[in-house]
Each structure stands twice: as structure tokens, then as C-alpha cells.
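Working notes, beginning with the structure itself.
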Amino acid sequence: MFKKKNENKELIEVKKKADEYLNGWKRAQADYQNLKKQTAQNQVDFVKFANENIILEIIPVLDNFQSAYSAVSKELENNPWVQGIKLIKKQLEDVLTRNGVKTIECLNKEFDPKFHEAVNCKKEDSAKKEKLIICKEISRGYELNGKIIRPSKVEVK
């Protein structure tokens, strides 16, 4: 009888150890599955945002094309050289669009610090207003696959 008690005690201890090892293995499996999911998501994010640096270098070039084109007088709009500049500007916009870049529309919209950076505020009692409205876009803002890569610089009133 004494021997059976020891065997039962040993069996219980072995079962506890086996349960402990099984639970540890299950946790390790769950951790591994979570790691696989996180790694896959990181790869997707990397692909989505891999071009961010080059896009941030292209955007000022596009800004300069837009500034140059907006400075053209009505008389020169049909000039072949001006039309060439317009086509280059359009090509740059198309390249950015194909790569997941969208402009942030802001004119006459409510100011949102997630998307906009206020660089000037018209004095028309703007301190008393709850909602600031964007009255002028100083420089265009852009988002890449839903991530703001450059906020719009705006004037609010």
C-alpha cells in the first residue's frame, strides 16, 4: 500500500509536469503564430511605405512645377514650352498617384491638425471661433497609403 501511494504521488507529479510542459508548448505555439502574423504585417507595411523617402524628395520638384505653371500668364498658356511643362507636371502627379500618393484637399474645409499645419491665421475673430476654416493653401499636403507624409500648410480664419 505504501508503494502504491508513492506511485500515485509520482504519477500526479509527472502529470503536473506534463501539463506544465504542454501549456508551455501551447504558449510557444501561440507566440510563434503571433510572430508570423506580425512579420507578415511588417512586410506589407514595408512594401507600402518603402518609397516614402524618394517620394518626399520628388514632392518639392512637383511643387516647383506647380509654382512655375501657376505663374504663367493667360497669353502664354498655349505656348508649346508651357504645355511641355504642364505635361511634365502631370507625369509627376501620375507617378505619385500610381505609387499610392494622394493630395490632401483642404480649401474651405475645417482645420484638422492631423492633416494641416497652420502657418497664418487671419484676425477675423478667429480666437473666438470654435472651428477654424482653411481659407488658403500655402503648400499642398500628401498622404501615402493612408499615412500623412507631409501635412498641408494652410492659412485659417
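The table below lists the values:
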item: Percent RCO, i.e. relative contact order, over the chain, from Cα pairs under 8 Å lying at least 6 residues apart; result: 19 percent
item: Nearest 10 degrees, 0 to 90: helix 80-98 Cα axis against the chain principal axis; result: 10 degrees
item: Pairs from 89/153; 48/90; 74/102; 109/147; 48/157 whose Cα-Cα separation, in the structure shown, is over 26 Å; result: 74/102; 48/157
item: Computed label-point distance, nm, for sites residue 56 and residue 33 using a 7 Å Cα→Cβ extension; result: 3.8 nm
item: 0 to 90° range, to nearest 10: angle between helix 2-49 axis and the chain longest Cα axis; result: 10 degrees
item: Rounded if a/c under 1.5, otherwise prolate or oblate - region 1-49, Cα gyration tensor axes; result: prolate
item: In degrees, nearest ten, helix 52-70 long axis to first principal axis of the chain (Cα); result: 20 degrees
item: Additional length obtainable on full extension of the chain from residue 22 to residue 109, 0.36 nm per residue less Cα span; result: 25.5 nm
item: Estimated inter-spin distance, residue 48 and residue 157, nm [label 7 Å along Cα→Cβ]; result: 3.8 nm
item: Relative contact order %, region 102-157, counting alpha carbon pairs below 8 Å whose residues are six or more apart; result: 47 percent
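A short reminder: the numbers here are calculations on the coordinates, not readings from a lab. Only a predicted model underlies this, so the values are computations on that prediction, with no experimental measurement involved. Ideal geometry is used to build each Cβ from the backbone, glycine not excepted, and the neighbour counts take in all protein chains shown.
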